[in-house]
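The structure under discussion appears below in the form of structure tokens.
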Amino acid sequence: MSIGLRERKKLKTRAAIQKEAMRLFLKKGFEATTIEEIAEAVEISPSTFFNYFPSKEDVVLRDDLDPLLYAAFASQPPDLNPLAALRTAMRAVFSHLTPDQDSVLKNRLRLLATSPVLRAAMLDQFAGMVQQGAELLASRLGRSPDDFAVRNLSGALMGVMIATFMAAANDPNVDLLKLADEAMAHLEAGLPLDWTRKS
């Protein structure tokens, strides 16, 4: 289904805001960059910025890959356990990133490594991420998102992914897909402490 001209213009403006914001964040630092500077770079008003992003932090933390990941997860065979289904979905999405998507992802991780404000904002999103994960898992398992075991699994999953992203943020040369897959395999194995990464 094609999208209309108005929606295409909105997507184009949103992408321009994110591109200029990321450029300024990497050049000046996240904390030192103002919303007014971002708006000026895109030739919009600061109030228009807020039509697209609720906060400066959201420019970095919003992940456009999430809908692709959710769709890939939902399309996995029903007999596959949830963690195996998620690992397969992650491979499907992250192995087909365009150079631009890969660059944005790595720049986001660089900013997370250098900005305490962004790290705090990411952790502040944790409750919402756990709820969203529980809803995804519950739909696959035929259980309620409020089921204790489902929420527990979602919390463990989000914790593992946050640990993965923070490790990747401190190593710009890391293969993020491989690291995330190994982290998921560790979780699937029950998080044994004698686990070692495959080189």
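Laboratory data are not the source of any read-out in this text; all were calculated from the coordinates shown. Predicted model only: the values in this text are computed from it and were never measured. Ideal geometry is used to build each Cβ from the backbone, glycine not excepted, and the neighbour counts take in all protein chains shown.
A few points about this structure:
- Exposed GluC sites (Glu not before Pro) absent - longest run of the chain, DSSP non-H/G/I/E/B, at most 15 other C-beta within 10 Å: 44-199
- Stretching the chain fully between LEU123 and ASP58 yields a gain of 22.1 nm (0.36 nm per residue, less the alpha carbon separation).
- When the helices of the chain are scored as -39500 (n - 2.57) per DSSP H run of n ≥ 4 and the total is divided over every residue, the value at 222 nm lands at -23000 deg cm²/dmol.
- What the Kirkwood sum gives for the chain is a hydrodynamic radius of 18.4 Å, with every pair of different alpha carbons counted.
- Under a model in which nothing but the beta-carbon of Lys, Arg (+1) and Asp, Glu (-1) is charged, region 1-54 shows a dipole of about 360 debye around its Cα centre.
- Region 106-182: relative contact order in percent, alpha carbon pairs under 8 Å with at least 6 residues between: 34
- Coil-residue trypsin sites (Lys or Arg not before Pro) of region 107-137, DSSP, other Cβ within 10 Å capped at 10: none
- Exposure proxy ranking, count of Cβ atoms within 10 Å, fewest first, for LEU136, LEU177: LEU177, LEU136
- Area projected by the alpha carbon convex hull of region 10-59, averaged over all directions, nm²: 2.9
- Charge dipole magnitude, Cβ of K and R +1, D and E -1 - region 1-140, Cα centre, debye nearest 20: 320
- Separation of alpha-carbon centers, region 80-146 and region 1-35, rounded to whole Å: 21
- Surrounding net charge for ASP147, when Lys and Arg each add one and Asp and Glu each subtract one, Cβ distance under 15 Å: +1
- Residue among THR34, THR114, ASN170 farthest towards the positive dipole end of the chain, charges placed on Cβ: THR34
- The chain: relative contact order as a whole-number percent, Cα under 8 Å and 6+ apart: 17
- Per-residue ³J(HN,Hα) for region 29-45, Karplus 6.51 cos²θ - 1.76 cosθ + 1.60, θ = phi - 60°, Hz, x for Gly and Pro: x, 5, 5, 7, 8, 9, 5, 4, 5, 5, 4, 4, 5, 9, 6, 10, 8
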